[in-house]
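What follows is one structure encoded as structure tokens, with my remarks underneath.
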Amino acid sequence: MSEGGIVASFVVPVHPHTVLAPDKNPGWRKLRDAYDDAAATIKDLNADLIIIYSTTWPSIIGHQIQADPNPEWVLVDHDFHDLGSISYSFNIDAEFAHAWNDASEKRGLQSRCVNYKGFPIDVGSVVALTLLNPDNKIPAVIVSSNMYANRSETTVLAKSCLDVVKAQGRRAVAVTAMSLSNRMFTDFIDAKQDKIHSLKDDEWNRKILEFLEQGRMEDVGQLSRTIHQQIRVQKVVAFKPMWWLSAMNGNRNDLTGKVLAYEAIHGAGCAVVHIDPTPSGAGEKEYDEDDVEYFHGERGVLDSAEEAPADTQHEHEQPSDGGQKMEQNGPALWDPTEAEGSVNTDAAPKPVGAYPHARKVGDMLFLSGVGPRQPGTNAIPGGPIHDENGEPLDYDIKAQTHAVVDNVKRIVEEAGATMEQVVDVTTFLVDMKRDFSGYNEVWAQTLGKVGPTRTTLAIDALPTPIAVEMKVIVHLGE
Amino acid sequence: MGRGQIVAGCIAPHPPHLVYAENPPQNEPVAEGGWEQLRWGYERLRDSLADKEYDAIVLLSPHWQTYVGTHFLGLPQFEGLSVDPIFPNLFRYHYDMTVDVELAKAIHDEAEAAGLPVKMMENPDFRVDYGTITTGHLFNPDWDKPIVVISSNRSTAYYSVEVMQEIMVELGKATRKAIEASGKKVVVLASNSLSHRHFTTESEMPEDMSKEHITSHAMHLWDMRIIEYMRTGQSQRILDEMPEFTEQAIAESDGGGISWLLSTLDTPDYPAILHGYGTIIGTGNAVVEWPCYQHEVTAA
Ligand SMILES: [Fe+2]
């Protein structure tokens, strides 16, 4: 299987005129012809997947991905219902949709698949798929545009998509169904009189198209907020599709662009643009906005800090959990990483970074630092050492030490070993003076009986509000 | 034929969660209850109007969003499946509704005469928006009254709340005029929530009420302020503060429903009845009734 990737990208318009009434206006006809050219290009490229990011499908709970393998219905536009109806029956790659959803969750995004008979597929997606994939030969996938998403979230959405494109070795086409300027005339017009709503909109549209024709997709991405302010109807999904499309193309400025058509539909700026990933030779230009691999932002309003019981106030945002849990003052929780020899278990607390619970090398097992947090709930037996404002709290070092030993035992047993095989332990205490004797007492009752070598260090802080952590080495031999 | 009359005007919010929680046979998903404060509010509203006679319901829904003029459902019957594009897990409702096309056309014509861009929607394949279905169901679960459905013209998006309100006040006047001329008794519904900042996550079980609360104190204060104006008959103040409310509470009033309703009721100076208030995925919602039947002269 060859390495997958994006073989072409397209910007396409959303209004139904290109499907239902191309001959009522010469501009609409040009857009339709350009759409048909784009379809021919996609066919020639032997693409095996069409991915649509649609600005006419807004979502609130993260991003939604269409996963009905064969959605069928009749679309009627809310505004342009008098143009007629578009019947559709699409070929959706549900497997890809689910894989994308999983990949998104892994990268900290809130996302979900939708698979419901009669789900109202949005006008932009229906128009784009009807025209770009007329015989439905190429499987497609559609993603919504989240109303609250910012650039990093949208970028990460593209990266999770690319994860799957690469993993599945797909020849994918990325499509944004969108208007440029989206101000329409607020009154009904004679089709023949259609034009771009205003000179200013037209000038901005031409500027965007000039950039795209030069392959400067990333520059358009960086200008998106300005473009939204200048030529977009506010409160409609913001001008964010270029964030997605730029990230789908590696945030580059040296792509090869071609504007196939630029015309007005009821005043809105509509274009069909083909972006070829082949380097234009113009030389890569600067890229200075933050590039983001994982999404850590703004989610999880449901779990506000004031609601959380005291012992779970230090739960962490979980990239692995769709970012459901918001952390105000501590590190995020991660799924343990997987690599050769790694040993991971749900019975131990989640890592606070990209590392496994333990790793085997030959007959040795090395554990990552283990604290007292409880798997699942993340509660700290004996209580956290400070509150969310950093105010110290009373805590029980013995209870914490017992919990550490229990967590160590779970990981050791997951590796098929026993506590008797522990050979060396390094213990970190945040308050040697206060805690050494309590810790030492529990040690004597537990690991002390096994007999590993031991080193105890006083340190300034641990990443979570705990007082004790152990670093353990196990000999797995006979 | 006597003079037509507005029997009552209501704010009747439409989050699909309320229909989901009721488990009516028309809706596919199944819930373990939830959002009872608002559902009881709707129950009290229905009780309050149970002995009032009326011929039709006129409803404006912010989820039939039109950017080019104001549109009216223009065929006598619509049936189909309404799936909420944002909460498809909660709302997949099989609807069958009767439209009072005559009254719709009358309002359309009045609005046109007032200079507003308007259009009748006569495509039989049209899928009625979920806001209309939700409010329609909660207000009248038997669907035994014909309904007039008015789209929400998104002029806020183009201009400002002030301009939107001017348009909606005009549309309200036209609505009132057409109702009075029709000889019909009508209940008018603004399908609308108040503050409208959503949570961006959903609980594992959406009806888990331990997770439901307003998104912020500021949103709560705005909701209470607007409700207080309603309860004390200060509709003009609501209209006056609409720009600030709409902007600061990200309120669904941007769709014009509340402005239209108050104008249709002739900016009532008598108190409205608050039947219930609650939050839905963090947004503020109130079920409110202006009992026009007590205040408006009946010319029978
Ligand atoms: Fe709504």
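The values are calculated or read from the model by the stated rules, or taken from the named source; none is laboratory data. For clarity, every value in this text was computed on a predicted model and none was experimentally measured. Cβ atoms come from the backbone with ideal geometry, glycine included; neighbour counts cover every protein chain shown. Note: areas computed on protein heavy atoms with side chains; ligands, DNA, RNA excluded. Shrake-Rupley method; radii C 1.70, N 1.55, O 1.52, S 1.80 Å.
Ratio of Rg to Rh for segment A:89-219: 1.01 [Cα atoms; Kirkwood radius as inverse mean 1/r over pairs]. Counting heavy atoms of the protein chains alone, A:Val143 has an accessible area of about 0 Å² for a 1.4 Å probe. Computed from Cα atoms alone, the Kirkwood hydrodynamic radius reported for segment A:1-160 is 16.4 Å.
By DSSP, the beta bridges lying fully in chain A are antiparallel in about 55 percent of cases.
Is chain A best put as rounded, prolate or oblate by its Cα gyration tensor, with a ≥ b ≥ c the root eigenvalues, rounded for a/c under 1.5, and otherwise prolate when a/b is larger than b/c, oblate when not? Prolate shape, in that a/c is at least 1.5 and a/b is the bigger ratio. Here are some pairs, A:Lys360/A:Lys398; B:Lys119/B:Lys211; A:Lys195/B:Lys119; A:Lys195/A:Lys258; A:Lys166/A:Lys195; which of them have Cα atoms lying more than 32 Å apart in this structure? The answer is B:Lys119/B:Lys211; A:Lys166/A:Lys195. The region of chain A that goes longest without hitting one of the trypsin sites (Lys or Arg not before Pro) in a DSSP loop, each with at most 16 other Cβ atoms within 10 Å, is A:286-478. Karplus-derived 3J(HN,Hα) values for segment A:358-368, using 6.51 cos²θ - 1.76 cosθ + 1.60 with θ = phi - 60°, are 7, 9, 8, 9, x, 9, 10, 10, 10, 9, 5 Hz; glycine and proline are entered as x. Residues of segment A:63-87 whose accessible area (probe 1.4 Å, heavy atoms of protein chains only) drops by at least 50 Å² once all protein chains are present, relative to their chain alone: A:Trp73, A:Val76, A:His78, A:Asp79, A:His81.
Around B:Gln248, what is the net charge, scoring Lys/Arg as +1 and Asp/Glu as -1 over all other residues with Cβ under 14 Å from its Cβ? Summing Lys/Arg as +1 and Asp/Glu as -1 gives -4. Taking amide H atoms as placed 1.01 Å from N in the peptide plane, the amide H of A:Ile142 lies under 5 Å from those of A:Ile52, A:Gln66, each 5 or more residues away in sequence or on another chain. Expressed as a whole percent, the accessible area of segment A:5-276 that falls on carbon and sulfur atoms is 50 (1.4 Å probe). The A and B chains share an interface that buries close to 4000 Å² of accessible area, total over both sides, probe 1.4 Å. Pop out a list of residues from segment B:38-75 that are at least 40 Å² less accessible with all the protein chains around than in their chain alone; 1.4 Å probe, no ligands or nucleic acids counted. In segment B:38-75, residues shielded by partner chains: B:Tyr67, B:Val68.
Averaged over its residues, chain A has an accessible area of 39 Å² per residue, based on protein heavy atoms and a 1.4 Å probe. Going by accessible surface with a 1.4 Å probe and the largest first, B:Asp96, A:Asp79, A:Asp48 read B:Asp96, A:Asp48, A:Asp79. For chain B, the solvent-accessible area works out to 35 Å² per residue, with a probe of 1.4 Å and every protein chain left in place.
Kirkwood hydrodynamic radius computed over segment A:390-434 comes to 12.6 Å, based on all pairs of distinct alpha carbons.
Near the amide H of A:Ser59, within less than 5 Å, lie the amide hydrogens of A:Ser145, A:Asn146, A:Met147, all on another chain or at least 5 residues away, with H placed in the peptide plane. Under 5 Å between amide hydrogens, built in the peptide plane, is the criterion, and for B:Val288 it picks out B:Ile11, B:His275 among residues at least 5 positions away or on other chains. The phi-based Karplus calculation (6.51 cos²θ - 1.76 cosθ + 1.60; θ = phi - 60°) puts the 3J(HN,Hα) values of segment A:418-429 at 10, 4, 4, 8, 5, 10, 8, 9, 10, 10, 10, 10 Hz, whole numbers, x for Gly and Pro. Applying the Kirkwood pairwise sum to the alpha-carbon positions of segment A:382-466 produces a hydrodynamic radius of 13.8 angstrom.
Think of chain A as a dipole: +1 on every Lys or Arg Cβ, -1 on every Asp or Glu Cβ, centred on the Cα centre; then among A:His402, A:Tyr116, A:Ala358, A:Tyr116 lies furthest on the positive end. Charged side chains reduced to their Cβ positions (Lys and Arg at +1, Asp and Glu at -1) give segment A:5-276 a dipole of some 620 debye around its Cα centre. In terms of its C-alpha gyration tensor, segment B:5-294 has a rounded overall shape, because the principal axis ratio a/c (a ≥ b ≥ c, square roots of the eigenvalues) stays below 1.5. Comparing the full protein assembly with the isolated chain (1.4 Å probe, heavy atoms, ligands and nucleic acids excluded), the residues of segment A:156-194 losing at least 50 square angstrom of accessible area are A:Thr186, A:Phe188.
Placing +1 on the Cβ of every Lys and Arg and -1 on the Cβ of every Asp and Glu, with nothing else charged, gives segment B:200-258 a dipole about its Cα centre of roughly 320 debye.
For A:Leu131, the shell of other residues with beta-carbons less than 10 Å away shows a net charge of 0, using +1 for Lys and Arg and -1 for Asp and Glu. GNM on chain B, alpha-carbon springs under 10 angstrom: the most fluctuating residue among B:Arg176, B:Arg127, B:Arg92 is B:Arg127.
Summing Lys and Arg as +1 and Asp and Glu as -1 over all other residues whose Cβ lies under 10 Å from the Cβ of B:Tyr93 gives a net charge of -1. Dipole orientation for segment A:30-130: of the candidates A:Ala97, A:Ala40, A:Phe80, A:Ala97 has the Cα lying most toward the positive pole (charges on Cβ; Lys, Arg +1; Asp, Glu -1).
Since only A:Leu132, A:Val164, B:Ile6 are under comparison, the one whose Cα sits farthest along the positive direction of the charge dipole of the protein assembly as shown, derived from C-beta charges on Lys, Arg, Asp and Glu, is A:Leu132. Give the percent of DSSP beta bridges with both residues in segment A:5-276 that are antiparallel, rounded to the nearest 5. The answer is about 40 percent antiparallel. Once you sort the root eigenvalues of the Cα gyration tensor of segment B:186-274 as a ≥ b ≥ c, which label holds: rounded (a/c under 1.5), prolate (a/b larger than b/c) or oblate (the other case)? It is prolate, given that a/c is not under 1.5 and a/b is the larger ratio. Using a 1.4 Å probe on the protein chains only, how many percent of the accessible area of segment B:5-294 belongs to carbon and sulfur? Roughly 48 percent, rounded to a whole number. Rounded to the nearest 500, the helix-only mean residue ellipticity at 222 nm of the protein assembly as shown stands at -10000 deg cm²/dmol, with each DSSP H run of n ≥ 4 adding -39,500 (n - 2.57). Considering only B:Ser182, B:Ser203, B:Ser259, the mean-square fluctuation computed in a Gaussian network model of chain B, springs between alpha carbons under 10 angstrom, is largest for B:Ser203. Dipole magnitude for chain A: about 840 debye, using +1 per Lys or Arg Cβ and -1 per Asp or Glu Cβ, origin at the Cα centre.
Out of B:Ile107, B:Ile226, B:Ile150, any idea which swings most in a Gaussian network model of chain B, alpha carbons joined below 10 Å? Of B:Ile107, B:Ile226, B:Ile150, the most mobile in the Gaussian network model is B:Ile226. Full extension of the segment from A:Asp424 to A:Asp394, taken as 0.36 nm per residue of separation minus the current Cα-Cα distance, would add 7.8 nm. Between A:Ala444 and B:Val30, the FRET efficiency estimated from the beta carbon spacing at R0 = 41 angstrom works out to 0.15. Sorted largest first by accessible area at a 1.4 angstrom probe radius, with every protein chain in place, the residues A:His274, A:His475 fall in the order A:His475, A:His274.
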